[in-house]
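Asker: One structure, pasted below without further comment.
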Amino acid sequence: MAVEQLRADSLDAVWPQLGPGGFRRLAEKGAWFTGCHHLSSTFSSCGLANLATGTWPAQHGIVADSWWDYAAHAPVRASDEALLATTLAAQACEAGMRVAVVAMTRVQAALFAGTKKARLYFLDDGGQFTCSGAQPDWLDEHNRAKGPEGARDANWMALNAAADAPPLRTLHYDAKHPQEFLALYKASPFGQTAEFDLAAELVVRDRLGWGNTADLLCVIDGASALLGYEIGSHSGLMNQMVLQLDRRIENLWNQLAKAVGENGFNLVVCAAHGAPPEPSKEARDRMAVNGESVALLVENALKNTGRHLEKYLYPFLYLDREATAGGAETVRRMAADAALAHPAVEGYYTAGGGCSENDEWRKRFQNSFHAKRSGDAMLSYRPEYVEDYFAGRGVSYGSLYNYEAHVPLFFYGPQFRAGTLDVSVEAVDIAPTLARTMGIAEPSSSTGRVLSEALDI
């Protein structure tokens, strides 16, 4: 289970309100790693690829949700075709296992799977589930029973709210603007529940885990990330989303136990990244960064060199091709130093290895930087600064800071020993650990280690 956006400390904020069978049961009966980090950029695509491949963007090539392509003179979106490393799911398919991935979008599902042999389930433009390959007979029936139509004008209520309590949010539906409703639906517990309901249906309909060989089911919870873009990490609404996730985990756990027995499955819960808090109204003008202002500083610094900045696509500076010829590193340093003069920019790393930091941050920069896709320099904004989407609110993802890099990690099942492990581990350790428990080869470029301290095999 890959939660697209979940900070490690999100659980602390709601711990007294957690139910007995979700995160609390994972903490008590599973192996709980309290110090898991993504030591790289934390864009959603990067985080999912880290989990899927067991390596960092420097190897798997998914350096952001999009990056600049010199040949096309246009941004390129992250995709499974752009993935430069094999995945855990691909290794499972090669070993003859059945693999199913449930996600909000096809892009997320395909990126995590990394293979055409996996069965992908995702929402279409109307909010109904569709799939790769031939559609199973039961899917239309499922969509009719549990489609988004039932959530039109529905009230999102706080868990255990009083009967006369006001809703936290209403999912207003306007037939003239259906996409506005779908955006609300996907960023709510209703959209989250839809993914978990389909996962439970798959277990029964496809008899996943019912045979003598292992099957792999991946659920990518995208609702919390969509809500996070809008409101950031610190809000009552986000706390309620975490509590709803807790209940979804409990329900799926119980359904798995009913289908295949309590010892018939392993359950792993992790996250692709966390989120920054939303800047206050008073601080927003300072903390929401207009990328054009950064680009202008760099362009002005280069104007007497005969070079120019072709594109700034956060967090990467792409200089013109001539600038990357003779004396390239000198020009890169000049561009990066110019960017560093911007009040929002905290640090940089260049394609030649120049770095404004010489500690743990250098490692995070290096893990994030791909020689062919990251341009000439990578920038880091100051803590809790975000990209400005000119909407007057919201946040962005992708930083190197711990509020996005530090994520929860739980392993539960007969192959894992229970306990709380207050040790530092990396998100890339998850894929090789699961490969060991599944008896399959690690992904080809995996740099993580097997978390043997959690294993009971």
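The values are calculated or read from the model by the stated rules, or taken from the named source; none is laboratory data. These figures come from a predicted structure and were not determined experimentally. Every residue, glycine among them, receives a Cβ derived from its backbone with ideal geometry; neighbour counts consider all protein chains shown. Calculation scope for accessible area: heavy atoms of the full protein, side chains included, ligands and nucleic acids excluded. Shrake-Rupley method; radii C 1.70, N 1.55, O 1.52, S 1.80 Å.
Asker: Accessible area of Tyr173, 1.4 Å probe, to the nearest 10 Å²?
Answerer: Its accessible surface works out to 70 Å², give or take rounding.
Asker: At a probe radius of 1.4 Å, what is the per-residue accessible area of Lys29, in Å² to the nearest 10?
Answerer: About 120 Å², rounded to the nearest 10.
Asker: Here is a further query. Determine the shape class of the range 410-457: with a ≥ b ≥ c the square roots of the Cα gyration tensor eigenvalues, call it rounded for a/c under 1.5, and otherwise prolate if a/b is greater than b/c, oblate otherwise.
Answerer: Since a/c reaches 1.5 but b/c is at least a/b, the shape of the range 410-457 is classed as oblate.
Asker: With labels modelled as points extended 7 Å from the Cα through the Cβ direction, what inter-label distance (nm, one decimal) is found for Ala418 paired with Glu81?
Answerer: With each label placed 7 Å out from Cα toward Cβ, I get 4.9 nm.
Asker: Given the peptides 255-261, 78-84, 106-112, arrange them by the average over their residues of other C-beta atoms within 10 Å, most packed first.
Answerer: Numbers: 255-261: 15.6, 78-84: 18.1, 106-112: 23.3.
So the order, starting with the most tightly packed, is 106-112, 78-84, 255-261.
Asker: Span-like helices, the chain: DSSP H, alpha-carbon axial extent 15 Å or more, mean Kyte-Doolittle -1.0 or greater, which ones?
Answerer: Details: long enough: 189-205 (23 Å, 0.34); 236-260 (36 Å, -0.12); 291-302 (17 Å, 0.97); 328-340 (18 Å, 0.17).
Helix filter hits for the chain: 189-205, 236-260, 291-302, 328-340.
Asker: Classify the range 311-433 as rounded, prolate or oblate from the Cα gyration tensor: take a ≥ b ≥ c as the square roots of its eigenvalues, call it rounded if a/c is under 1.5, otherwise prolate when a/b beats b/c and oblate if not.
Answerer: Note, shape of the range 311-433 comes out prolate.
Asker: Once phi is turned into θ = phi - 60°, what whole-Hz ³J(HN,Hα) does the Karplus curve with 6.51, -1.76 and 1.60 give for every residue of the range 86-96, x standing for Gly and Pro?
Answerer: 6, 10, 4, 4, 5, 5, 5, 4, 5, 7, x
Asker: Under 11 Å from a label point 7 Å along Cα→Cβ of Ala341: give me every residue in the range 297-311 with its amide N that close.
Answerer: Taking a point 7 Å out along Cα→Cβ of Ala341, the residues of the range 297-311 whose backbone N falls under 11 Å are 297-303.
Asker: Quote to one decimal, in nm, the extra length available between Thr170 and Trp15 on full extension: 0.36 nm per residue of separation minus the C-alpha distance between them. Don't skip to the answer; put the middle values down first.
Answerer: On the way: separation 155, 0.36 × 155 = 55.80 nm, distance 2.59 nm.
53.2 nm is the gain from fully extending Thr170 to Trp15.
Asker: Counting Lys and Arg as +1 and Asp and Glu as -1, what is the net charge of the other residues whose Cβ lies under 9 Å from the Cβ of Cys36?
Answerer: Around Cys36, the surrounding residues sum to -2.
Asker: Mind checking which lysines have their Cα closer than 30 Å to the Cα of Lys281? Skip sequence neighbours fewer than 8 apart in that chain.
Answerer: Lys186, Lys311
Asker: Roughly how much of Thr34 is accessible, in Å² to the nearest 10, using a 1.4 Å probe?
Answerer: Result for Thr34: roughly 40 Å² accessible.
Asker: Hey, another quick one. Helix-only mean residue ellipticity at 222 nm, the chain, DSSP H runs n ≥ 4 weighted -39,500 (n - 2.57), per residue, nearest 500. What is it? Don't skip to the end; give the middle numbers.
Answerer: On the way: 17 runs with 161 residues, N = 457.
Mean residue ellipticity, 222 nm, calculated: -10000 deg cm²/dmol.
Asker: Quick one: order Glu28, Glu357, Glu384 from most to least accessible surface, probe 1.4 Å.
Answerer: The ranking, largest first, comes out as Glu28, Glu384, Glu357.
Asker: Between the range 1-65 and the range 394-453, what's the alpha-carbon centroid distance in Å?
Answerer: After rounding, the separation between the Cα centres reads 8 Å.
Asker: Under 5 Å between amide hydrogens, which residues at least 5 positions from Val289 or on another chain qualify, with H placed 1.01 Å from N in the peptide plane?
Answerer: Val386, Glu387, Asp388
Asker: What aspartates and glutamates does Lys363 reach when the alpha-carbon gap must be under 15 Å and sequence neighbours fewer than 8 apart in one chain are set aside?
Answerer: Partners found: Glu426.
Asker: Could you name the lysines in cross-link range of Lys29, using Cα to Cα under 26 Å and dropping any fewer than eight places away on the same chain?
Answerer: Hits, sequence-local ones excluded: Lys258.
Asker: Now, a different point. Do you know the relative contact order of the range 417-457, to the nearest whole percent, from alpha carbon pairs under 8 angstrom that are 6+ apart?
Answerer: 46
Asker: Need one word for the range 19-166: rounded, prolate or oblate. Basis is the Cα gyration tensor (sqrt eigenvalues a ≥ b ≥ c); a/c below 1.5 gives rounded, then a/b vs b/c decides. Don't skip to the end; give the middle numbers.
Answerer: Values: a/c = 1.58, a/b = 1.33, b/c = 1.19.
In terms of gyration-tensor shape, prolate.
Asker: Next up: Given (1) 21.9; (2) 26.1; (3) 22.8, which label gives Kirkwood radius over Cα pairs in Å as computed from the coordinates?
Answerer: (3)
Asker: Please report how far the C-alpha centroid of the range 307-377 lies from that of the range 147-173, rounded to the nearest whole angstrom.
Answerer: Taking the Cα centre of the range 147-173 as reference, the centre of the range 307-377 is 47 Å away.
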